[in-house]
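Rule-based calculations on the coordinates, nothing more; no lab input. Just so it is clear, the model here is predicted, and its values are computed rather than measured. FYI the Cβ positions are ideal-geometry reconstructions off the backbone, even for glycines, and counts take in every protein chain you see.
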Amino acid sequence: MMIPSADLLPGESHSVVIDRARLATLVEGAVGGGLILDGALAVRDGCIEWVGHQKDLPGSYLGWRRLSAEGRLVTPALIDCHTHLVFGGSRAHEFELRLQGSSYEEIARSGGGILATVGATRSASREQLIHDAARRARHLLREGVATVEIKSGYGLDLATELEMLRAARAVQREVAGLRVRTTLLAAHAVPPEFAGRADAYISQICEEILPAAVAEDLVDQVDVFCETIAFDLSQAERVLEAAHRAGLTTRIHAEQLSSSGAAALAARLGALSADHLEYLDAAGVHAMAGAGTVAVLLPGAFYTLREDQAPPVEALRRAGVEMAVATDWNPGSSPLGSLLLAMNMACTLLRLTPVEALTGTTRGAARALGLEAQVGTLAPGKLAEVVAWPLQEIAELSYRIAGHDPPDRLVHGAWVSCRDLAQRGSA
Ligand code: DI6
Ligand code: FE
């Protein structure tokens, strides 16, 4: 099979009609994932132009080139909307410490945790950071992911935060078929140089790091870790307001380890999402529902840290809060390199339905990234980022714990295995 050119980006540019598809459109309001059993989908110049039952395909498409899905489940390409893919080093030792009974917070307070990765990231070369991040990104691409968000936050100084964002941008250039959205998370931990002076570090973020990242066009979103071991509500608010003044969208790591009101702050400030949410209370759910804040669920961290309090999924569902699911891939609390496994965990551990899990890695994730006009559903006007799974039912995506065969991705009007896409250019 023809392998696409190295500069291939999502939103490939050919025109074709896909037929014999079981289409999971994921459009809002449709039940059962908007599944169309005998579906067809017309793509013009890389954009979806028509979606429906094959028997209703307008006559104007009859002469078009056809591509059969051979009865397979066809979905939007997946989106991993919360990752920390760029980092140096390993924290396997902390894994062992936690197995012996240490808590994540204890390890963080004693200089391990995020600060351990900060040391390893500051001393890594640019080539190593890019190479390792691209390798991780290819694991996601291989399982049908076309968009990945990558955060900074292991530099905590001007030079290294910018290096991390540059590495994230480089991943998009290196990994054909992947779109990267970058997030400045300089407010991830208080750097050692600012110990006891968190407010001064927040000032440096707002006055120096953020403007420099904007000037180099390195940043799409801004995030803050709002937590007792990180930053408080007023510090989070300062960072988000600076981001909004710079015209960027925002997120908050909220209510992961304790209840703080950070999700309600995200809602009040118009952040696109609040992420984690294990300790979200009823007032936070209400605020998020009112503001349309997306709830990003990160079951990999819940699992790794053996949390016993799960995010209030039933309350979020009843309130109509859009849910997203992501890997949170990072070296400490979520060394999870599979979005499909995150979907499985979201169902088994957090009790999402399989349709909610798929919605959470497509439409919900697109909203958390502000990309819902371009991707996340199969609907006219969206980019034709489409995958065909060797499966029939939506539930099969989340049901299997591991061992999925890679899906095919629509590339230049043909099916290409995501396994082949992921091998392109890999060392
Ligand atoms: N919450 C998390 O789960 C990650 N960051 C955050 O704010 C953990 C990052 C790490 O432990 O390295
Ligand atoms: Fe995170």
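Between ALA215 and ASP232, the modelled labels are 3.2 nm apart [label points 7 Å from Cα along Cα→Cβ].
Take every DSSP beta bridge whose two residues both sit in segment 39-188; close to 45 percent of them are antiparallel.
Here the gap between GLN128 and ARG419, fully extended at 0.36 nm per residue and compared with their Cα-Cα distance, gives a gain of 102.4 nm.
Using a Gaussian network for the chain with springs between C-alpha atoms less than 10 Å apart, which of these wobbles most: GLN128, GLN172, GLN100? Its mean-square fluctuation being the largest, the pick is GLN100. To test your reading of the geometry: what angle, between 0 and 90 degrees and rounded to tens, separates the Cα axis of helix 158-174 from the longest principal axis of the chain? For helix 158-174, the angle is close to 10 degrees.
Available extension along the chain between LEU99 and GLN392 is 101.6 nm, counting 0.36 nm per residue and deducting the alpha carbon span. A cut-off under 13 angstrom between Cβ atoms defines the neighbours of ARG245, and their net charge, with Lys, Arg +1 and Asp, Glu -1, is -2.
Loop-only trypsin sites (Lys or Arg not before Pro) in segment 320-379, please: DSSP not H, G, I, E or B, and at most 13 other Cβ atoms within 10 Å. If you can, show how the numbers build up before the last one.
Working: sites: ARG351, ARG363, ARG367; in loops: ARG351.
Those satisfying the criteria are ARG351.
Note on the chain: dipole from Cβ charges, positive end direction compared against GLY46, LEU272, ALA198; the farthest Cα belongs to GLY46. Provide the net charge surrounding GLY332, with neighbours chosen by a C-beta distance below 9 Å and charges set as Lys +1, Arg +1, Asp -1, Glu -1. Residues close to GLY332 contribute a combined charge of 0. Only Lys, Arg, Asp and Glu carry charge here, each on its Cβ (+1 for the first two, -1 for the last two); on that basis the chain has a dipole of about 960 debye about its Cα centre.
Taking all C-alpha pairs of segment 52-91, those more than 12 Å from each other amount to 79 percent. Remark: relative contact order (segment 185-258) = 37 percent; criterion is Cα-Cα distance under 8 angstrom and separation of 6 or more residues. Restriction of the GluC sites (Glu not before Pro) in segment 385-417 to DSSP coil positions whose beta-carbon has at most 16 other beta-carbons within 10 angstrom yields GLU393. Within segment 235-371, all pairs of alpha-carbon atoms sorted by distance into 5 Å bins from zero give the percentages 2, 12, 22, 25, 21, 13, 5, 1, 0.
In the chain, taking the dipole from charged Cβ atoms about the Cα centre, the farthest positive-side position among LEU57, SER103, ALA242 is held by LEU57.
What is the angle, in °, between the Cα long axis of helix 339-348 and the longest principal axis of the Cα atoms in the chain? Nearest 10 is fine, range 0 to 90. The helix 339-348 is inclined about 80 degrees to the chain.
Extension gain for ASP405-SER426 works out to 5.6 nm (0.36 nm per residue, less the C-alpha to C-alpha distance).
What number, in percent, do you get for the relative contact order of the chain if the mean sequence gap of Cα pairs under 8 Å and at least 6 apart is divided by its residue count? Before the final figure, lay out the partial values.
Numbers: 1019 pairs, mean separation 86.7, N = 427.
Reported relative contact order: 20 percent.
The radius of gyration of the Cα set in the chain, together with its Dmax, comes out at 20.9, 69 angstrom. Secondary structure note: in the chain, about 45% of the DSSP beta bridges are antiparallel.
Computed from the Cβ-Cβ distance with R0 of 35 Å, the FRET efficiency linking VAL27 to HIS412 stands at 0.85.
Relative contact order (percent) for segment 154-219, with alpha-carbon contacts under 8 angstrom and 6 or more residues of separation?
Over segment 154-219, the number comes to 41 percent.
Seen from a random direction on average, the alpha-carbon convex hull of segment 298-337 projects onto 2.9 square nanometres.
GNM, the chain, Cα, under 10 Å: largest mean-square fluctuation among GLY332, GLY247, GLY46? Result for the chain, Cα springs under 10 Å: GLY247 fluctuates most. Summing charges over all other residues whose Cβ lies under 11 Å from the Cβ of SER234, with Lys and Arg as +1 and Asp and Glu as -1, gives -3. Mean residue ellipticity at 222 nm, helices only, the chain: -9500 deg cm²/dmol; runs of at least 4 DSSP H residues each add -39,500 (n - 2.57), and the sum is divided by the number of residues.
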